[in-house]
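Just below is one structure, and these are the notes that go with it.
The values are calculated or read from the model by the stated rules, or taken from the named source; none is laboratory data. Every value quoted in this text rests on a predicted model; they were computed, and no experiment measured them. Neighbour counts are summed over all protein chains in view; Cβ atoms, including those assigned to glycine, are modelled from backbone coordinates with ideal geometry. In case anyone asks, the SASA skips ligands and DNA or RNA and just uses the protein heavy atoms, side chains included. Shrake-Rupley method; radii C 1.70, N 1.55, O 1.52, S 1.80 Å.
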Amino acid sequence: AQKVTQAQTEISVVEKEDVTLDCVYETRDTTYYLFWYKQPPSGELVFLIRRNSFDEQNEISGRYSWNFQKSTSSFNFTITASQVVDSAVYFCALSFTSGTYKYIFGTGTRLKVLA
Amino acid sequence: AAGVIQSPRHLIKEKRETATLKCYPISRHDTVYWYQQGPGQDPQFLISFYEKMQSDKGSIPDRFSAQQFSDYHSELNMSSLELGDSALYFCASSFSGPDTDTQYFGPGTRLTVL
């Protein structure tokens, strides 16, 4: 079965704290893609990162970093020195090459960054 | 470059009415996806089109239909609306190239059924 689990429903941190959002996935496919999207209160889905199953290299983009580990089927997202503008719901998603690349989303993690 | 455009952004309908949601993909994108996001839920895949043909179908009610036109825009038609259809409807597009797996989402249409 294809599944994405985001066990953290809601996280609250104080501004400037680091925070890690967890994502665990299940798939039998050997080729698949993982994504993170941000959904701010305005509602749109903002693309953050894409990673394919053959690329386990971690990535850093400014205050954002991602840790992909196939051994544990995890694709975790860390925000360093969080800011109030980071407050949003963050979704992890999975797609695969068998079919049409439709996304399976996790249930999302609501991040609240307090000033 | 312009992103995915969805119209209308907000729509209020009564039960049993019909609604049509429109999606204009990014230029040169040939694949369109529709997702439904209920309140406090994650987006759920409804249906997708590639080159004007339906390519995949998810948990889309029989009361809903969709199509993709020759200019690649897509419309989601919803009939006999129910209260439970109130949701945020996203359209996403992608291009069948090297990054075909990456979908770019529109701002969504918020449908409220009264």
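What the table shows:
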{"read-out": "3J(HN,Hα) from dihedral phi, region A:44-61, Karplus parametrisation 6.51/-1.76/1.60, rounded to Hz, x for glycine, proline", "value": "6, 9, 9, 5, 10, 7, 10, 9, 9, 5, 9, 10, 8, 5, 6, 9, 10, 9"}
{"read-out": "Total charge dipole magnitude, chain A, about the Cα centre, Cβ charges on Lys, Arg, Asp, Glu only, Debye to nearest 20", "value": "240"}
{"read-out": "Largest to smallest principal axis extent of the C-alpha atoms in region B:21-114, angstrom", "value": "41, 25, 19"}
{"read-out": "Cut-off 12 Å, label 7 Å out along Cα→Cβ of B:Q41, residues of region B:55-69 by amide N", "value": "B:59-61"}
{"read-out": "Total lysine pairs under 16 Å (Cα atoms) in the protein assembly as shown, excluding pairs fewer than 8 apart on one chain", "value": "7"}
{"read-out": "Kirkwood Rh, Cα atoms: Rg over Rh of chain A", "value": "0.96"}
{"read-out": "Approximate spin-label separation A:T72-B:S65, in nm, with each point projected 7 Å along Cα-to-Cβ", "value": "5.0"}
{"read-out": "Dipole magnitude (debye, nearest 20) for the protein assembly as shown, charges at Cβ of Lys, Arg, Asp, Glu", "value": "340"}
{"read-out": "Charge dipole of the protein assembly as shown about the Cα centre (unit charges at C-beta), most positive-ward option of B:I47, A:V19, B:Q103", "value": "B:I47"}
{"read-out": "Accessible area of the protein assembly as shown belonging to carbon and sulfur atoms, whole % at 1.4 Å probe", "value": "49"}
{"read-out": "Principal axis dimensions, largest first and in whole angstrom, of the protein assembly as shown by Cα", "value": "48, 39, 36"}
{"read-out": "Gain upon complete extension [B:H10, B:N77; 0.36 nm per residue less C-alpha separation]", "value": "22.6 nm"}
{"read-out": "Contour minus Cα-Cα distance for A:T9 and A:T107 (0.36 nm per residue)", "value": "34.5 nm"}
{"read-out": "For a label point 7 Å along the Cα-to-beta-carbon line of B:T20, residues of region B:74-105 with backbone N under 20 Å", "value": "B:74-82, B:89-92"}
{"read-out": "Cβ-placed point charges (K, R +1; D, E -1), dipole of region B:1-111 about Cα centre in debye, nearest 20", "value": "320"}
{"read-out": "Buried area at the A-B interface (accessible, heavy atoms, 1.4 Å probe, summed, Å²)", "value": "1600"}
